[in-house]
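No lab work stands behind these numbers, since they all come straight from the coordinates. Quick caveat: nothing in here was measured; it's all calculated off a predicted structure. Here Cβ is always computed from backbone atoms with ideal geometry, including for glycine, and neighbour counts include all displayed protein chains.
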Amino acid sequence: MRKTINILVSLIMVAGLVSCNGGDKKGNKSKGGLATNAAEKVYVAPGEHDEFYAFISGGFSGQLSVYGLPSGRLFKVIPVFSQDAEKAWGYNEETKPMLETSFGFVPWDDSHHPDISQTNGELDGRWVFINGNNTPRIARVDLTTFETAEIIEVPNSAGNHSSSFITENTEYVVAGTRFSVPIPQRDLPIKDYKGNFKGALSFISVDPETGRMAIKFQLMMPGFDYDLSHPGRDKSHGWFFFTTYNTEEANTLLEVNASQNDKDFIAAVNWKKIEEYVNNGGGTKVPAKYAHNVYSDETHTATSTMMNEVLTVNPLDVPGAVYFLPTPKSPHGCDVDPTGEYIVGNGKLSADLTVHSFTKMLDAIENKKFDGEAYGIPILKFEDVLAGTVKQPGLGPLHTEFDGKGNAYTTFFISSEVVKWKVGTWEVVDRQPAYYSVGHGMIPGGNSRKPFGKYFVSMNKITKDRYLPTGPEVTQSAQLYNISGDKMELLLDFPTIGEPHYAAGIPAEIVAKNSKQLFKLSENKHPYATISDGDARVERKGNEVHIYMTMIRSHFNPDNIEGIKVGDKVYFHVTNHEQDYDVPHGISMIGANTSELLIMPGQTETFVWEPKQPGVWPFYCTDFCSALHQEMQGYVRVSPASSGTELKWSLGED
Amino acid sequence: MKNIMRSLTAIAILTLISCGGKEEKKKDGIQIGQKPPATETPKEEPASNEKPSEMVDLTNKGIGPIKSLELPAEIDQAMAAKGMEVYKTKCMACHKPDKKFIGPAPTGIFERRTPEWIMNMILNPEDMTQNDPLAKALLVEFNGSPMANQNLTEEEARQVLEYFRTL
């Protein structure tokens, strides 16, 4: 019997091996972990830390997720543009203003391109910026708290896609419009698009101390689609480059109509020149409504201010500030190498990859090597700005990253691969398949003078069979490649939140040391904070009731409240009195039409409860806090609207 | 299947009957291990059963940064006032000055504890409740409710200590 079983088992194993080897299509997946030592290269032992942070956009989740590399472990989903019940983002009274816009409260967006702040062209790890694509907004995430500190709406923009990229001293975060629109917005036949629609490129200044954003100016460009962008750096610092498509200015069936021109453009913008122009009083102020939302770590509260005008600049008014570089076939990614010399136009419908030279561009401008103009903006001669072409590297190039060692890595959507090529000689030196249909790629520090060329993360558009199936919708996914050697090596697949559009990576040591552990209770300036436990109380103002509550392991003060009536609007202002690391408390109330609160040590948050029927209703702590967490609970007595129940509150009294 | 349903129905009916069946009125609350009636005089607890919070130990200095501390004879009232402010914001959620609450009351604490032990308990509670025999026993007495580390500076802890002297 045993022999028979053994034989059967052996047969199954052999069959397994044969069938695995047969699965060539799946590349090195079939070889498993045994064929390489990939597993040990991504293994971070329990209790050990990762070498890099990766901030990966949450795509249509609207958020920003924080991963460790090389492990691919998820640490946190930072709520940015979408409500997040887990953290009460957009649900509590303090953060609701963060999601205000000129259209009112917009609880969702499509987050795309994170970029980390820089000093002298190197990552400084203070802030991550990310764009909301749908209702144009730019957010700044503070890397001491890993929370969204500020969101500014971008008026005159639509499909905020060529965003949010940072100049090398974080002078500006730049936001370009993908969809051109009538400016100002007005009732117009759609077919009147051509010549009437404009594309706004917004330069948002960043205060070097506080990070506070302000729209410095909007450059009003012809009505093309501005797809992606990157700043010049080092020698090309002071310039910004934007890819365009739909230079045909089609307003319908763009799939066909925007693919007619042999070449579209990369727009080169000399922002230093325009900055000087506006600093000397240039530009035109126009009415524009947009929200500017700022969160304060002192009041633990956000404020939303509606702005009323914006400074616009007509490119024709600043001679020498804007040029077009012809670039084949609807270029998507616009990537600048660490030296600032090369500008890569990833022509997504082209068989070749076009690389422009910054030096040649300056020379062509100086010697007026023009090939016509578009709406008065000079078009430089293609041959005179071209540095070189990567010949036939793959199909559907989208984005290029650099390792700082003279190599570039381009993602190819259609042929689903990452291709490594040499900057300067344009020869392809390696290629690795991606599973499947890679969009963006990311090397930590990729948008800086100093990339950390150890890992490449591909963010894939299609997952198909890479994971256990989860119904029609499968996980979104990224892949990690080791790029420290001559050949790229696929190390790891890991799932991501939403569609990962782009990411920004940074060595952990730059960021981790600044991470805040708690908020000091003594510095809490929340208007409804209860700093001293003796001040815990309940106040009635008409039918508004304000509960000044404290929480510490493991009770609420007060935990018995009477005298609340049906029809009251009850504000729970809850202050966490813990002053130790990693002791948040939560609170939730039965039937409250909102989320729980999750309150960090020293912080105050508020939720609103409108009791609808008489009774005695419990609330409790939602975040397991101590051995007595289950005891952390309380009751509110709700009386009929007409009752005379006296308002009183207590803790630990009979 | 039908049989199962029938059995379930029978069980449900039985349950109902047993619930409604008791006529005798229960006293409120649970009555396990109730204390004997008050008429009986409580026995003197043997010394070994003394509550940790009532135990006097004026030699144990505890575990932590404070190794030795001489208190001046005069109470520094300015320092005590500062200590009261710190106490109000960071301690009072669990310690009322003169009655047992989540934790013990500080009134009279110098009759039972050394100043070093008190400061180490404030500054180093995790270590104390794991390794100091008295602090360990206190954690048990207070139902496992942990002494929170409120991250006081040494200066603040000293101020709180001075405030305790005024109680």
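Quick look at the numbers
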item	result
About the Cα centre, charge dipole magnitude for segment B:76-166 (Lys/Arg +1, Asp/Glu -1 at Cβ), debye	380 debye
Potential extension, B:Ile32-B:Ser53 segment - 0.36 nm per residue separation minus Cα distance	5.0 nm
Sites matching GluC sites (Glu not before Pro) across segment A:452-534 that sit in DSSP coil, with at most 13 neighbouring C-beta atoms within 10 Å	A:Glu473
R0 of 35 Å, Cβ-Cβ distance A:Ser522-A:Val44: FRET efficiency to nearest 0.05	0.40
Part-to-part distance (alpha-carbon centres) for segment A:390-423 and segment A:51-98, which is given in Å	29 Å
Cross-link partners of A:Lys273 among aspartates and glutamates (Cα-Cα below 18 Å; sequence separation of 8 or more within a chain)	A:Glu168, A:Glu171, A:Asp234, A:Asp317, A:Asp363, A:Glu366
Exposure rule at most 14 other beta-carbon atoms within 10 Å, DSSP loop chymotrypsin sites (Phe, Trp or Tyr not before Pro): chain A longest free segment	A:104-374
Contour excess over end-to-end distance, with Cα ends at A:Asn593 and A:Asp371 and 0.36 nm allotted per residue	73.7 nm
DSSP-defined beta bridges in the protein assembly as shown - what % are antiparallel, rounded to 5	90 percent
Under Karplus coefficients 6.51, -1.76 and 1.60, residue-wise ³J(HN,Hα) of segment B:76-85 in Hz, glycine/proline x	7, 5, 5, 5, 5, 5, 4, x, 5, 5
Three-way shape call for segment A:81-228 based on the alpha-carbon gyration tensor, with the a/c threshold at 1.5	oblate
Share, in percent, of DSSP beta bridges within segment A:515-654 that are antiparallel, nearest 5	70 percent
Distance from segment A:243-318 to segment B:124-161 (C-alpha centre basis), Å	57 Å
Inter-probe distance in nm under a simple model that places probes 7 Å from Cα toward Cβ, at A:Ile379 and A:Gln392	2.9 nm
Additional length obtainable on full extension of the chain from A:Leu253 to A:Thr475, 0.36 nm per residue less Cα span	76.9 nm
Cα-based shape type of chain A, given that a ≥ b ≥ c are square roots of the gyration tensor eigenvalues and the cut on a/c is 1.5	oblate
Cα-based shape type of segment B:76-166, given that a ≥ b ≥ c are square roots of the gyration tensor eigenvalues and the cut on a/c is 1.5	prolate
Coil-residue trypsin sites (Lys or Arg not before Pro) of segment A:288-368, DSSP, other Cβ within 10 Å capped at 12	A:Lys368
Kyte-Doolittle mean at least 0.0 and Cα axial length at least 18 Å: DSSP H helices in chain A	A:2-22
Within segment A:63-102, backbone nitrogen closer than 18 Å to the virtual label 7 Å beyond the Cα of A:Leu468 toward Cβ	A:74
Using θ = phi - 60° and Karplus 6.51 cos²θ - 1.76 cosθ + 1.60, couplings along segment A:232-238 (whole Hz; Gly, Pro as x)	x, 9, 6, 5, 9, 4, x
Neighbour cut-off at most 14 other Cβ (10 Å), DSSP loop, GluC sites (Glu not before Pro), segment A:194-303	A:Glu209, A:Glu298
Unsatisfied cross-links (Cα-Cα over 21 Å) in the set A:Lys76/A:Lys516; A:Lys235/A:Lys405; A:Lys329/A:Lys405; B:Lys61/B:Lys90	A:Lys329/A:Lys405; B:Lys61/B:Lys90
Rounded FRET efficiency, nearest 0.05, which uses the C-beta distance separating A:Ile414 from A:Asp623 and R0 of 45 Å	0.45
Cα→Cβ-extended label distance, 7 Å offset, between A:Lys235 and A:Glu653, nm	7.8 nm
Calculated FRET value between A:Asp207 and A:Arg73, using beta carbons and R₀ = 35 Å, to 0.05	0.55
Estimated inter-spin distance, A:Ser102 and A:Asp535, nm [label 7 Å along Cα→Cβ]	4.0 nm
Computed helical MRE - 222 nm, chain A, DSSP H runs ≥ 4 contributing -39500 (n - 2.57), nearest 500	-2500 deg cm²/dmol
